[in-house]
Structures are given as C-alpha cells and as structure tokens.
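First the structure, in the form of structure tokens, and then the observations on it.
The values are calculated or read from the model by the stated rules, or taken from the named source; none is laboratory data. These numbers were taken from a predicted model, which means no experiment stands behind them. Note: ideal-geometry Cβ built from the backbone for every residue, glycine included; neighbour counts use all protein chains shown. Calculation scope for accessible area: heavy atoms of the full protein, side chains included, ligands and nucleic acids excluded. Shrake-Rupley method; radii C 1.70, N 1.55, O 1.52, S 1.80 Å.
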Amino acid sequence: MRSSKAVLDMTEVFYARQFIYDVLRRFFLEEPSRDYLAYFVQEKLIDLFPFVEESEDIQRGITEIKAYLSKHNVIDNDADYEDLHWDYTRLFVGPFDLPAPPWESVYVRKDRLLFQSNTVDVRNVYLHFGYEVEHKNLEAEDHVGLELDFMFHLNELSLKSLNNNGLKSKANFTFLVKEQRRFLEKHLLAFISVFSEKVIENAHTGFFTGMARLLRSYLKMDAAILEELLEMDES
C-alpha cells in the first residue's frame, strides 16, 4: 500500500511528465505556431525542463535551444520565425525528400511503407484508450508527434487515477503505467534513436537539434522511470 508521501512524490513525477510530453508533442507534431513559441520563450519553459541534472544529453539539448533563441527572435522577427518554420517543414513535411521522416514505419519496416501492419497496430492501441487522430486518413498514426501526444493522453489518465482514492483507481493506475511502458518500448523507443540522430545531422537550426536531443534522452529516461515506479508499486 502506498503511503501519502509516496503518492505525493509520484504525482510530482507525473506532472513533470505531463510538462515534458506537452512540450515535445507540440514541436514534433506540427510546424511551431507563433503563439506557442511566444509562450514558450516568454515563460522560459526551457528553463523548467525537469531531470536536467540526470542527463548530459538533456543539458546539451537545452544549451543548444537557449543559444539558438538568444540569437534568433522567433516571436517578432519574421525572417527568424520563417527560418524555424521552414526547418520543421523540410525535415518532416516536404515537399522534397525528407531528411528525417517522422513515422515509425519508415524505421522498423524494410519496405518503409506507411499505413501497413505497424500503423494498424498503433491505431488499435489508440482506439483502446479512446484516442482518435483528427485526420486519420491523411496522417499515419505512427507519426512521432502523434505517438508523443498519445503518451501525453495516457499520462493525463494516469494523473486522474492517481488523484482518486480506492482499489479500483490504484489498479487502473498500475495498468496505465504498464501500458505506457509497453508503448514506449514497442513503438517510440524502437525508432527514436535513429530518428533523433537524423534530425541532429540534418537540422539547420540549433532549436531542432536541441529538441531531438531532449526527445532521445528523455524517452529512454522515461522508460526507466516507469519501470522503477512499477517496482515501487509492487513492493
């Protein structure tokens, strides 16, 4: 049985995860909007990134992002904003050959085809948890941004269960943690190292090289965090 202090500590971990997945999903799911960039910069969200002291790669990613933002006014300068916007587009959208395709299938399938068995598997996991892709016939469900958004969704469900009392909520919380660990290991971690390296090698902005480092390092760390939480929950 978890003590009240253990529940409080665990709640803090899941609020930290909510913050991280929110940032990552926004910058990998679609071109960065000016409104969110303004919020990100003005509120100095990069300085709030947790677990910094536990990873040199996360530290390096944050340093790259801060260095880029210190030299480029992506809020008020149209040219700086368009450069950042274009960097996302050329990396993940097109119209030319993509230096860093954002779909899991490209990395785990020999034929690199989308909307095949791997995409269907991800789609079925989404449906099981009531998560629907808005343009599911236009965007493959195994897009890295959607998978990050799904983790954000599961984390929200975990927080709701964690904040409720009772054996049913506890069992549901444990189930959700196991599912997040499983999804990380089977899907995101199956391709995130190669994907992130392609972003780092091909990005034209320190912003996206830094984000790729944060993505790669944090997902590996998160899998270890979830494993540790499950071990604590069983003790």
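In the set (1) small (G, A, S); (2) within 22 Å of L138 (Cβ to Cβ); (3) open to solvent by 60 Å² or more (accessible area, probe 1.4 Å), the condition left unmet by S70 is number (2).
A quick yes/no check of all residues on (1) more than 22 Å from V13 (Cα to Cα); (2) modelled with pLDDT of 95 or more; (3) in contact with a Lys or Arg (Cβ under 6 Å, 6 or more places away or on another chain); (4) open to solvent by 10 Å² or more (accessible area, probe 1.4 Å):
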position	(1), (2), (3), (4)
Q180	no, yes, no, no
F183	no, yes, no, no
F191	yes, yes, no, no
E197	yes, yes, no, yes
G206	yes, yes, no, yes
L219	no, yes, no, no
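Here D97 meets each of (1) in a loop (DSSP other than H, G, I, E, B); (2) modelled with pLDDT of 95 or more with one exception, condition (2). Picking from residues in the stretch 2-15 that are surrounded by fewer than 16 Cβ atoms within 10 Å (Cβ to Cβ) and not hydroxyl-bearing (S, T, Y), the one that is modelled with the highest pLDDT is E12. Once the stretch 119-138 is narrowed to residues that are in contact with a helix residue (DSSP H, G or I) (Cβ under 7 Å, 6 or more places away or on another chain) and within 30 Å of H204 (Cα to Cα), the residue that is surrounded by the most Cβ atoms within 10 Å (Cβ to Cβ) is T119. Beta carbons closer than 9 Å, at least 6 apart along the sequence or on distinct chains, pair a first residue in the stretch 59-80 that is touching a residue at least 24 places away in the same chain (Cβ under 8 Å) with a second that is surrounded by fewer than 19 Cβ atoms within 10 Å (Cβ to Cβ) and not in a helix (DSSP H, G or I) for G61/F49; G61/S55; I62/F49.
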